[in-house]
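Below you'll find the structure, written out as structure tokens, and then a few comments.
Nothing in this text is a laboratory measurement; each read-out follows from the coordinates by a stated rule. Quick caveat: nothing in here was measured; it's all calculated off a predicted structure. Every residue, glycine among them, receives a Cβ derived from its backbone with ideal geometry; neighbour counts consider all protein chains shown.
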Amino acid sequence: MKKNNTRPSTSDRLDPQRKHLNPMNIPTSTNSPIGARKRRNLSKSDSTLRNIALALASSALTGLSGCVATPDSSSPYSPQTEAARDPLKAQALTLEAADLMSKLDLDLDIDHQARIAQAERLLREALAADLYHGPAHNNLGAVYLKQQKLYEAAGEFEWARKLMPGHPDPRMNLAFTLERAGRTDEAISTYRTALEVYPGHIPTYQALTRLQLRKNKPNEQTRPMLQAVALQGETQPWREWAQKMLAVRGHAIP
């Protein structure tokens, strides 16, 4: 796989002083987040973030065996030969980390930072076993976001996006990272790329319309997306939010 070096990566755009990561070809998550948690509060900073679904972890590897990119000298990862890859170990470690992360919002008595650190360790081990395991990159990006490491998160989502080109979640997660970094226009554009690979993706509708309305940047697509969320939103709070926006701000939406 050849990389296009004509423009800086998202990571560089987040922090132009950092060395170029040049992340490789990678894919990511599904409609069911690992550790799918109820979005009790739509203002919660990570309510949009999605981890790769457990069921996808094995199927995501299909067709990737011959797709091994070669990192350049500035990549945070060392090159890995086909013979050195262990996809089954990477999958098992990714699932173990996913299970840990899924319990973060369910158990208020646990040491969250310790659990996040443990998940990061497991995902690093997964990538040591198979550098081209897309779900591990996506979920490591989610860990980095929880740690407020936007630059590192963007790099992992870039990997996941390229390794899993047919999945919307890495693209949506990358867009959310850009949103957190204050890159509104880039975030909106990246959310739209998630819809290019998965038209009608409700989680992306939710995230994109919320950002458009927060920043007063609605367009002709905002209303139909809001209408879809009002009917099919992932949770009741999302559906109620969309219904409220249509009622209160509908006159200002093209």
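Annotation: amide H of M164 within the under-5 Å range of I26, T28, sequence separation 5 or more or interchain, hydrogens built in the peptide plane.
Full extension of the segment from R214 to A84, taken as 0.36 nm per residue of separation minus the current Cα-Cα distance, would add 42.1 nm. Full extension of the chain segment joining A247 with Y77 gains 56.3 nm, where the gain is 0.36 nm per residue of separation less the Cα-Cα distance.
Near P254, once Lys and Arg are set to +1 and Asp and Glu to -1 for all other residues with Cβ below 13 Å from its Cβ, the sum equals +2.
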